[in-house]
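Below is one structure; the comments refer to it alone.
The values are calculated or read from the model by the stated rules, or taken from the named source; none is laboratory data. Small disclaimer: the values here were computed from a predicted structure and weren't measured. Counting neighbours? That spans all protein chains shown, and the Cβs are built from the backbone with ideal geometry, glycine included. Only protein heavy atoms, including side chains, enter the accessible area calculation; ligands, DNA and RNA are left aside. Shrake-Rupley method; radii C 1.70, N 1.55, O 1.52, S 1.80 Å.
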Amino acid sequence: MNHFLKRILYFLIVPIIFFLILCVIAATYIPKSSYYKIEPMITDIYVGDSHIQKAVVDSLLNNSQNIGMLAESFYFSYYRLKKIFESDNNIETVYLGFSYHNLSDYNDDFVYGKNSYSTSPKYFYLLTLNEQKKLLYYNRNHLQSYIKSLIKNLYKPILNNTKFGGYSNNFKSTKSNKSIMDKRINYQFYTDKKVNEFSHLNLFYLEEIIKLSEKYKFDLKILNTPMDSYYQEKIPITYINKYDDIINKFNLKLINFNNLIFDETCYIPDGDHLSEIGAFKMTTELIKIQNHAKELK
């Protein structure tokens with residue numbers, strides 16, 4: 001019995017000790033790292049999941065930085081923005097990627113569900129202690145391997161001179177495909193042929209981001225990136241109505257690219273993300289919109 005208790009204590013204590021060591025290292029070195037920082041010349045940032053990451057070619061934009069990341073829910077976007085605005089910055093405008101798929105509760109898996117293991121360690125050191133404890137609890141069934149992942153993700157802000165997130169698109173010669181778009185729609189909006197519930201978590205943190213914009217006085221604009229017309233037609237009407245309701249309820253400034261006609265080569269096979277060709281085309285259109293807005297001032 002004593003041997004059994006010792007094994008349990010060892011199983012629990014070792015991860016806790018490692019966690020405390022990580023906290024000390026993170027608190028010491030991360031504030032000195034440029035990995036999460038926004039440079040002083042940046043006035044516009046682009047935040048969101050892979051739709052933003054693949055769509056906004058920030059090298060074409062003045063004083064702009066794309067910090068989009070794969071599978072980033074609004075939960076993670078909120079804590080990133082909170083950290084950014086608590087530090088010195090010259091940001092005037094935040095462009096937030098927000099489309100129909102962001103309303104689906106499949107996004108919750110990336111925070112506290114089956115996909116948390118692969119996604120949340122990247123953001124762990126940006127979170128409050130209370131949120132860190134929650135993630136450790138969500139991943140308690142594989143805690144030791146989760147902590148190993150946290151250790152790996154601590155290397156980047158300490159040893160790496162790159163930035164956290166940013167424009168990335170290697171889809172150079174692709175086009176949308178109907179069968180793959182069907183699978184994508186099913187993955188994002190359906191479970192067992194039933195329409196998914198809305199993500200209360202994402203909706204809550206969307207409101208928190210809106211509150212951040214009010215607190216720190218930055219201009220919040222919503223970007224709905226282009227999607228293939230076939231994909232768009234498959235989106236459940238309840239999601240389209242909910243999206244419109246949210247935009248109107250909070251009087252959000254929406255830049256909606258879904259009225260643009262992009263051919264199939266502008267997309268990757270899922271029809272939900274832009275290819276490299278599509279990214280350059282969308283960014284060019286975005287520049288036109290921004291220039292027009294400046295002329296009206």
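Listed values, structure above:
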item	result
Length-normalised contact order of the range 185-297 in % [C-alpha pairs under 8 Å, at least 6 apart]	25 percent
Relative contact order (percent, whole number), the range 137-240, Cα cutoff 8 Å, 6+ residue spacing	32 percent
On Cα atoms only, tilt of 200-216 relative to the major axis of the chain in degrees	80 degrees
Projected-area mean, the range 218-266, by convex hull of Cα positions, square nanometres	4.1 nm²
Separation of the Ile240 and Lys217 label points, Cα + 7 Å toward Cβ, nm	4.1 nm
Ratio Rg/Rh [Cα only; Rh per Kirkwood] for the chain	0.99
Share of Cα-Cα pairs in the range 71-188 lying beyond 19 Å, as whole percent	59 percent
Kirkwood-type radius of the range 74-114, with distances r between different C-alpha atoms, in Å	12.1 Å
Dipole magnitude (debye, nearest 20) for the chain, charges at Cβ of Lys, Arg, Asp, Glu	1080 debye
Mean separation of Cα contacts under 8 Å, 6 or more apart, over the residue count of the chain: relative contact order %	26 percent
For the chain, the longest site-free run once GluC sites (Glu not before Pro) in DSSP loop states with at most 12 other Cβ atoms within 10 Å are removed	87-196
Three semi-axes of the equivalent ellipsoid, the range 28-113, Cα gyration tensor, whole Å, largest first	23, 17, 10
Pair Leu254, Ile180: separation of 7 Å Cα→Cβ label points (nm)	2.8 nm
Portion, in percent, of the accessible area of the chain that falls on carbon or sulfur, probe 1.4 Å	55 percent
Top of Lys217, Lys82, Lys193 by mean-square fluctuation, Gaussian network on the chain, Cα under 10 Å	Lys193
Around Phe262: net Lys/Arg minus Asp/Glu count, Cβ-Cβ under 10 Å	-3
Length added when fully stretched, Ser145-Glu131, from 0.36 nm per residue minus Cα-Cα	3.2 nm
Label-to-label distance, nm, for residues given as Ile158 and Ser87 (7 Å Cα→Cβ offset)	1.7 nm
Cα-only Debye scattering, the range 192-244: base-10 log of I(q)/I(0) at q = 0.19 Å⁻¹	-0.88
